[in-house]
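Trainee: Can you keep this structure in mind? I'll have questions shortly.
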Amino acid sequence: MEAFTTSPVTFALLAANIVASVVALTVPDFMDQNSFWIRPVREQKQWHRLLTSGFLHVNGAHLLVNMLTLYFFGPLLEAKLGSVNFILLYFGSLIGGSLWMVVDKYNRPDYRAIGASGAISGLMSAVGLLFPFATIYVFFALPIWAGLYALLFIVVSFIYSQRENTMIAHGAHLGGALAGLVITLLLQPEALDHLMRQLASRFG
């Protein structure tokens, strides 16, 4: 119960993603009206899709991966930044990822995608910047530094973003990661210097 009171935004976002994804997977019209889709964004200025698509997922596995990442990283960042700044980081990264895809896919009007990819990538960038040597466990078993995990996640996502036919918004990871780094540095200007000192201490 304490986690709900110390990380209210994280758990609200978890609930919103789960509810919206379940509705979208059972109501096709809801999915069509809220997914990221270049044509209606270009021709009808349906900019809401840049936000709403970030709460929808392709299937249970896609939802699980993103929500596990939010569950593990969200409370850590919300405690560090505060709830209001955490909201700015999450939604700033989400919109940053969507804007990246608008630019990248602008000439492909039938391109569609969904997923919290931009937001999650931004959170991982923030964790990598603020807690680079924190240990997380992939699949609850494999230990890895948070900074290295974030870097590998973004690289793999970029590789997958080059695939032509996918509804998962892999391309949003790069824009979300960049937005997450910028927002984190604006909120915590000392973070870069702190990171450099940690790297020098570890490898210097």
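Residue-by-condition table, conditions (1) under 14 Å from Thr69 (Cβ atoms); (2) out of contact with any strand residue (DSSP E or B) (no Cβ under 9 Å at 6 or more places or on another chain):
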position	(1), (2)
Phe86	no, yes
Tyr90	yes, yes
Ser93	yes, yes
Gly96	no, yes
Met101	no, no
Asn107	no, yes
Gly118	yes, yes
Ser121	yes, yes
Leu129	no, yes
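Trainee: Counting only residues that are surrounded by fewer than 18 Cβ atoms within 10 Å (Cβ to Cβ), at pLDDT below 90 and of a type in the set (Ser, Thr, Tyr), how many does segment 53-103 have?
Mentor: So the answer is 0.
Trainee: Can you list residue pairs whose Cβ atoms sit under 9 Å apart, with the first residue in segment 123-150 being within 13 Å of Gln188 (Cβ to Cβ) and the second being assigned to a loop (DSSP other than H, G, I, E, B) and not β-branched (Val, Ile, Thr)? Count only pairs 6 or more apart in sequence or on different chains.
Mentor: Filtered contacts from segment 123-150: Ala126/Gln188; Val127/Ala134; Leu129/Gln188; Leu130/Gln188.
Trainee: Quick check: anything in segment 113-126 surrounded by fewer than 20 Cβ atoms within 10 Å (Cβ to Cβ) and either at positive phi or over 15 Å from the mean Cα position of the chain (by Cα) (or both)? It would help to see each step written out before you state the result.
Mentor: Within segment 113-126, the first condition is being surrounded by fewer than 20 Cβ atoms within 10 Å (Cβ to Cβ), and the residues that meet it are none.
Checked segment 113-126: no residue is surrounded by fewer than 20 Cβ atoms within 10 Å (Cβ to Cβ) and either at positive phi or over 15 Å from the mean Cα position of the chain (by Cα) (or both).
The values are calculated or read from the model by the stated rules, or taken from the named source; none is laboratory data. What you see is a predicted model; the values in this text were computed from it and never measured. For neighbour counting, all protein chains shown are included, and Cβ atoms are generated from backbone atoms with ideal geometry for every residue, glycine included.
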